[in-house]
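The values are calculated or read from the model by the stated rules, or taken from the named source; none is laboratory data. Nothing here was measured: the structure is a model prediction, and the numbers come from that model. Heads up, the Cβs are rebuilt from the backbone with ideal geometry, glycines too, and the neighbour counts pull from every protein chain shown.
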Amino acid sequence: MTATTRIVSIDHQDWHAAPALPGPASAIAELEEGKVLYFPHLRFDLSAAEIRLLDPALVDPKRKNISLNATTGKLTGVAVEDQRRDAIGALVRRYYETTRGFLEQLLPEYAGRLHAPTTSLRLHRIGTWKMSWRKDDTRLHVDAFPSRPVGDQRIVRVFNNINPHGDTRRWRVGESFDTLAARYLPQLPPYRPGVAWLLDKLHITKSRRSAYDHFMLQLHDRMKADAGYQRDGEQESIEFPPGSTWICFSDQTPHAAMTGQFMLEQTYLLPVSAMAHPERSPQRVLARQAAAAH
């Protein structure tokens, strides 16, 4: 099924200035409705030396991506220990600093509240990394972290296609979170606090899962396992060309990455309390629907 478009295209090229949106709604209003803000011409330029770093052989074979924890400075997933490691670290840190400054312009109401930044450099071509169906991001899903519960936090992601060969990155984008939750919530097993306590004590999770974390993980898995939904669920396809940027709440917007290679991704967490409309958060939607079911 074709969805009413959830893509908001914005003609803007400057990382250091706030863009003008095409309609009366603000960027925050559009994001909090679960839409994707798409900047076709917001390019993150790479130098010739940085382009030479776009080599999948530089990724640790045990990891899917190269990642930087900007808070601690820890860089993981690099397969080499020479000067290229430092160059990769400088590249991903520059992307982090660029997105941080841009979001302060684009989303001033969130200033000072976005935290726990993680920057990823994705070098593998989609479809070449062997993984289980749960980790297969070519299937429509909403983001949830199995080992890192987020509780009352949102997941904001800023993506940029840095492919130097002209390859687009194709996504599928699905229905509203309210509709998605109503579809699957009745099928999900109940939250068991004792299980969450045990997973925390065994250090399987980095903190204790909330009921929200439990339901989001279950929702993530049910979506990916449902072949009928993947084929027939309400969705639209979009091609993100090289030099384009897109932003969404990835815990709210059903999405699937179908094709492409070479991307930078910046992740932030945002407290639900910092939202302009907290009632639109997946946390509040799931709580309302669960309460109505009883």
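Would it be correct to say that residue 213 is modelled with pLDDT of 95 or more and either outside any loop (DSSP other than H, G, I, E, B) or in contact with a Cys (Cβ under 8 Å, 6 or more places away or on another chain) (or both)?
yes
Looking at segment 116-126, can you tell me whether even one residue there is over 14 Å from residue 66 (Cα atoms), touching a Gly at 6+ places or on another chain (Cβ under 7 Å) and not aromatic (Phe, Trp, Tyr)?
Yes, because at least one residue in segment 116-126 is over 14 Å from residue 66 (Cα atoms), touching a Gly at 6+ places or on another chain (Cβ under 7 Å) and not aromatic (Phe, Trp, Tyr).
Quick check, is residue 119 out of contact with any Cys (no Cβ under 7 Å at 6 or more places or on another chain), in contact (Cβ under 8 Å) with a residue 24 or more places away in the chain, hydroxyl-bearing (Ser, Thr, Tyr) and at negative phi?
On the way: out of contact with any Cys (no Cβ under 7 Å at 6 or more places or on another chain): yes; in contact (Cβ under 8 Å) with a residue 24 or more places away in the chain: yes; hydroxyl-bearing (Ser, Thr, Tyr): yes; at negative phi: yes.
The answer is yes for residue 119.
Quick one: residue 67 ticks every box in (1) touching a strand residue (DSSP E or B) at 6+ places or on another chain (Cβ under 9 Å); (2) within 23 Å of residue 275 (Cα to Cα); (3) of a type in the set (Ser, Thr, Tyr) except a single one, so which number is it?
(2)
Say we look at segment 91-138 and pick out the residues that are in contact with a Phe, Trp or Tyr (Cβ under 7 Å, 6 or more places away or on another chain) and either assigned to a loop (DSSP other than H, G, I, E, B) or of a type in the set (Phe, Trp, Tyr) (or both); which of these is nearest to residue 215 (Cα to Cα)?
Within segment 91-138, the match that is nearest to residue 215 (Cα to Cα) is 114.
Taking segment 178-210 on its own, how many of its residues are farther than 14 Å from residue 286 by Cβ and either among the small types (Gly, Ala, Ser) or touching a Cys at 6+ places or on another chain (Cβ under 9 Å) (or both)?
Residues that pass the stated criteria total 3.
Across segment 270-289, what is the number of residues that are aliphatic (A, V, I, L, M), part of a helix (DSSP H, G or I) and closer than 13 Å to residue 28 by Cβ?
Narrowing segment 270-289 to residues aliphatic (A, V, I, L, M): 270, 272, 274-276, 285-287.
Still in the running and part of a helix (DSSP H, G or I): 272, 274, 285-287.
Those left that are additionally closer than 13 Å to residue 28 by Cβ: 274.
Counting residues in segment 270-289 that are aliphatic (A, V, I, L, M), part of a helix (DSSP H, G or I) and closer than 13 Å to residue 28 by Cβ gives 1.
For segment 27-57, give me each residue that is without any contact (Cβ under 8 Å) to a residue 40 or more places away in the chain and not charged (D, E, K, R). I'd like the intermediate steps shown before the answer.
We begin by selecting, within segment 27-57, every residue without any contact (Cβ under 8 Å) to a residue 40 or more places away in the chain; these are 30, 45, 47-49, 52-53, 57.
Matches in segment 27-57: 47, 48, 49, 53, 57.
Determine, yes or no, whether residue 109 is among the acidic types (Asp, Glu) and under 21 Å from residue 159 (Cβ atoms).
On the way: among the acidic types (Asp, Glu): yes; under 21 Å from residue 159 (Cβ atoms): no.
Against the criterion (among the acidic types (Asp, Glu) and under 21 Å from residue 159 (Cβ atoms)), residue 109 does not qualify.
What residue, among those in segment 264-285 that are of a type in the set (A, V, I, L, M, F, W, C) and under 30 Å from residue 59 (Cα atoms), is surrounded by the fewest Cβ atoms within 10 Å (Cβ to Cβ)? Step through it out loud before you land on a result.
Step one: filter segment 264-285 for residues of a type in the set (A, V, I, L, M, F, W, C), giving 264, 269-270, 272, 274-276, 285.
Now drop any that are not under 30 Å from residue 59 (Cα atoms), which leaves 264, 269-270.
Values: 264: 23, 269: 19, 270: 22.
Among those residues, the one meeting the criterion is 269.
Can you tell me which residues in segment 159-210 are of a type in the set (Lys, Arg) and not in a strand (DSSP E or B)? Show your work before the answer.
Within segment 159-210, the subset of a type in the set (Lys, Arg) is 169-170, 172, 183, 192, 201, 206, 208-209.
Within segment 159-210, 183, 192, 201, 206, 208, 209 qualify.
Select from segment 149-184 the residues that are within 27 Å of residue 273 (Cβ to Cβ) and more than 17 Å from the chain's Cα centre (by Cα) and write down the one among them that is surrounded by the most Cβ atoms within 10 Å (Cβ to Cβ).
180
Would you be able to say whether some residue in segment 28-38 is more than 26 Å from residue 180 (Cβ to Cβ) and in a loop (DSSP other than H, G, I, E, B)? Reasoning before the result, please.
Within segment 28-38, the first condition is being more than 26 Å from residue 180 (Cβ to Cβ), and the residues that meet it are none.
No, there is no match, as no residue in segment 28-38 is more than 26 Å from residue 180 (Cβ to Cβ) and in a loop (DSSP other than H, G, I, E, B).
Test residue 72 against the stated conditions and say whether it is exposed (fewer than 15 other Cβ atoms within 10 Å of the Cβ), at pLDDT below 95, part of a loop (DSSP other than H, G, I, E, B) and not basic (Lys, Arg).
Details: exposed (fewer than 15 other Cβ atoms within 10 Å of the Cβ): yes; at pLDDT below 95: no; part of a loop (DSSP other than H, G, I, E, B): yes; not basic (Lys, Arg): yes.
Taking the combined requirement at face value, the residue does not satisfy it.
Please count how many residues of segment 219-237 are surrounded by 19 or more Cβ atoms within 10 Å (Cβ to Cβ) and either in contact with a Phe, Trp or Tyr (Cβ under 7 Å, 6 or more places away or on another chain) or assigned to a strand (DSSP E or B) (or both).
Qualifying residue count, segment 219-237: 4.
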